[in-house]
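Asks: Pasting a structure here, questions to come.
The values are calculated or read from the model by the stated rules, or taken from the named source; none is laboratory data. Small disclaimer: the values here were computed from a predicted structure and weren't measured. Neighbour counts run over all protein chains shown; Cβ positions are idealised from the backbone, glycine included. All accessible areas refer to the heavy atoms of the entire protein, side chains included, with ligands and DNA or RNA removed. Shrake-Rupley method; radii C 1.70, N 1.55, O 1.52, S 1.80 Å.
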Amino acid sequence: MAFSRRTIALLPLISVYLFLFVSLYPTSTLASKARVLPSDSEKVSLGLYYESLCPYSANFIVNYLVKIFEDDLLSIVDLKLVPWGNAKIRGNSTVVCQHGPYECLLNTVEACAIDAWPELNKHFPFIYCIEALVQERKYLQWETCYEKLGLDPKPVDDCYKSEAGQELELQYGTETDALQPPHRYVPWVVIDGQPLYEDYENFLSYICKAYKGPALPMSCSELSLKTLDVEEAKPSHLVSYKEQEKGPALWGRVRSALASWMSQMNMVALE
């Protein structure tokens, strides 16, 4: 699905929208809607191991992963993005990426964004913007995402143009290579240490099933929680294998959900 110009135009509004929502939303209303949020130890761990120019990784980020920002799902999830995928380390710590040198560049850029802006509401919109451009085959324009989101490019630029960026990527490479069971393709989605294999598009149901904290989110109650047995099988579509290639959601949804998440964080601060 194309990332339209109209949708791209909404990107810079996110920072202002979040600020106004948190600043102007009536305190009494926030307090009246307060609920018990899970502790960090009660959250469901969600790991996405991917590579920046893989079309299937981009599709998952833009059209599927974005759904955790709907309603209150984000409150129970600890999301970790690992931009490495099927890259390999050759001699002298040289990194070779499946889709070529530009993928190595964008993997490093996204790793640097995560490092420079640890807050999910900063680095995820930036990565989402890049991956949406990947879907449109306009990824050479990735630097426009700084302006669209009102972000200072210096922290990320300084990182990816220096040894710091390479060190981050090598760390992600080590982490990816240490996965048990080993990843076989991307996107590789892991929930509480368990890979979802070919059923990764159904990740929301697995999150809800894995959550054991207080007050099941309404989003989970609305899902059909059928019995889900994760079995290793050969994926039929939408993956990039390690050695060889086999085979958007509207920004308004992200904007609205991020605002909801920020309001929840504000509620906690008021207590």
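Asks: Please report, for the Cα atoms of the stretch 58-103, the Rg to one decimal and the Dmax as a whole number; what are they, in angstrom?
Replies: 15.4, 47
Asks: At a Förster radius of 22 Å, what calculated FRET efficiency corresponds to the Cβ-Cβ distance of residue 92 and residue 137, to the nearest 0.05?
Replies: With R0 = 22 Å, the Cβ-Cβ based efficiency is 0.10.
Asks: In the full protein assembly as shown, how much of residue 157 is accessible to a 1.4 Å probe, in Å² to the nearest 10?
Replies: 30 Å²
Asks: With the Cα gyration tensor of the stretch 108-208 in hand, give its eigenvalues times 5 under a square root as the equivalent ellipsoid semi-axes, listed largest first in whole angstrom.
Replies: Working from the Cα gyration tensor, I get semi-axes of 26, 18, 13 Å.
Asks: Compute, for the stretch 86-156, the length of the dipole vector about the Cα centre, with Cβ point charges of +1 (Lys, Arg) and -1 (Asp, Glu) only. Units Debye, rounded to 20.
Replies: Using only the charged Cβ atoms, the result is roughly 220 debye.
Asks: At 1.4 Å probe size, with every protein chain present, just tell me what the per residue accessible area of the stretch 31-153 comes to in Å².
Replies: Result: 38 Å² per residue.
Asks: Take the alpha-carbon centre of the stretch 58-89, take the same for the stretch 114-185, and report the distance between them in whole Å.
Replies: About 12 Å separates the Cα centre of the stretch 58-89 from the one of the stretch 114-185.
Asks: Considering only protein heavy atoms, what is the solvent-accessible area of residue 89 at a probe of 1.4 Å, reported in Å² to the nearest 10?
Replies: Looks like 80 Å² after rounding.
Asks: Extending each Cα 7 Å along its Cβ direction at residue 174 and residue 152, get the distance between those two points in nm, one decimal.
Replies: Simple spin-label model gives 2.9 nm for this pair.
Asks: Can you give me the orientation-averaged projected area of the convex hull built on the Cα atoms of the stretch 64-130, in nm²?
Replies: Value for the stretch 64-130: 5.4 nm².
Asks: Label the stretch 126-178 by shape, choosing from rounded, prolate and oblate, from the square roots a ≥ b ≥ c of the eigenvalues of the Cα gyration tensor; if a/c is under 1.5 it is rounded, and otherwise prolate applies when a/b is larger than b/c, oblate when it is not.
Replies: Oblate, since a/c reaches 1.5 and b/c is not below a/b.
Asks: Just to verify a number: what accessible area does residue 45 come out at with the full protein assembly present, 1.4 Å probe, Å² rounded to tens?
Replies: Counting only protein heavy atoms, the figure is 50 Å².
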